[in-house]
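Have a look at the structure that comes next, please.
The values are calculated or read from the model by the stated rules, or taken from the named source; none is laboratory data. All values reported here derive from a predicted model rather than from experimental measurement. Note that each Cβ is placed from the backbone with ideal geometry, even for glycine, and that neighbours are counted across all protein chains shown.
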Amino acid sequence: MSEKLLDNLPEDDLMAGWENGSIEEEPLQENNSPEQPPAPGIVINNGDGKDTDASVGVLVLNSTGESVLCGTRTDNNLICGAGGHIQEGETPSQAAIRETQEEFGITPTNLRRIGQITDFEGGRYGKPYIYVCTEYEGEPKVSKEIRNPGFFPIDEFEPEEIKLFPPFEESLKFLG
């Protein structure tokens, strides 16, 4: 791939919300309406102390912006990036950081929300908020959820040869 993955995103979308390399959180509020998905930066509070129906996905890009971090899920052997359910009391960006730490052992130092998957497989995976990360601390490593972590050139994903976790595959569309 000769162009960088982020080149397809409008400049305004890439830079909105950035301050000193990180996204600024919106004020924390409660959202007790299960019918409406939470807005970015809104604390989710369903009162049971467990995972909510809301979720996140994180596309961690290498320094050139041409490869994405992924690994093999230990539960179903599908290829995926970081992501998962938002826990009660978390903002979507907090969940994105936690999931990236849990699954790949790295801490994003900048996140940018680039979209939301709103209509996918009948809502089976909720309506994940999708983030992109281009800088992080640490080195990707194996976890209880992910094995074989590494950066993979996006233009080499062959859906007929590589089985991708459906939400991860759908999130890649945000990169163009």
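Of all the residues that make up region 72-100, how many are in contact (Cβ under 8 Å) with a residue 60 or more places away in the chain, surrounded by 22 or more Cβ atoms within 10 Å (Cβ to Cβ), more than 11 Å from GLY57 (Cβ to Cβ) and not hydroxyl-bearing (Ser, Thr, Tyr)?
Result for region 72-100: 0.
Still on this structure, please answer the following. For GLU161, indicate whether it is out of contact with any helix residue (DSSP H, G or I) (no Cβ under 6 Å at 6 or more places or on another chain) and modelled with pLDDT under 90.
It is true that GLU161 is out of contact with any helix residue (DSSP H, G or I) (no Cβ under 6 Å at 6 or more places or on another chain) and modelled with pLDDT under 90.
Further question on the same structure: Looking at region 98-113, which of the residues that are in a helix (DSSP H, G or I) and more than 9 Å from the chain's Cα centre (by Cα) is farthest from LYS141 (Cα to Cα)?
Only one residue fits best here, namely ARG98.
Within region 129-152, can you find the residues that are in a loop (DSSP other than H, G, I, E, B), hydroxyl-bearing (Ser, Thr, Tyr) and farther than 14 Å from VAL68 by Cβ?
Across region 129-152, the qualifying residue is only SER143.
If you don't mind, another one. What's the number of the condition VAL68 fails, among (1) modelled with pLDDT of 95 or more; (2) buried (at least 17 other Cβ atoms within 10 Å of the Cβ); (3) under 19 Å from LYS144 (Cβ atoms); (4) touching a helix residue (DSSP H, G or I) at 6+ places or on another chain (Cβ under 6 Å)?
For VAL68, the failing item is (3).
Would you pick out the residues in region 63-85 that are over 16 Å from PHE157 (Cα atoms) and outside any strand (DSSP E or B)?
The answer is SER63, THR64, THR74, ASP75, ASN76.
Which one is surrounded by the fewest Cβ atoms within 10 Å (Cβ to Cβ) among residues in region 118-176 that are more than 15 Å from the chain's Cα centre (by Cα) and of a type in the set (A, V, I, L, M)?
If we take residues in region 118-176 being more than 15 Å from the chain's Cα centre (by Cα) and of a type in the set (A, V, I, L, M), then ILE162 is surrounded by the fewest Cβ atoms within 10 Å (Cβ to Cβ).
Which of the residues spanning region 106-126 are hydroxyl-bearing (Ser, Thr, Tyr) and under 13 Å from SER55 (Cα atoms)?
Within region 106-126, THR118, TYR125 meet the criteria.
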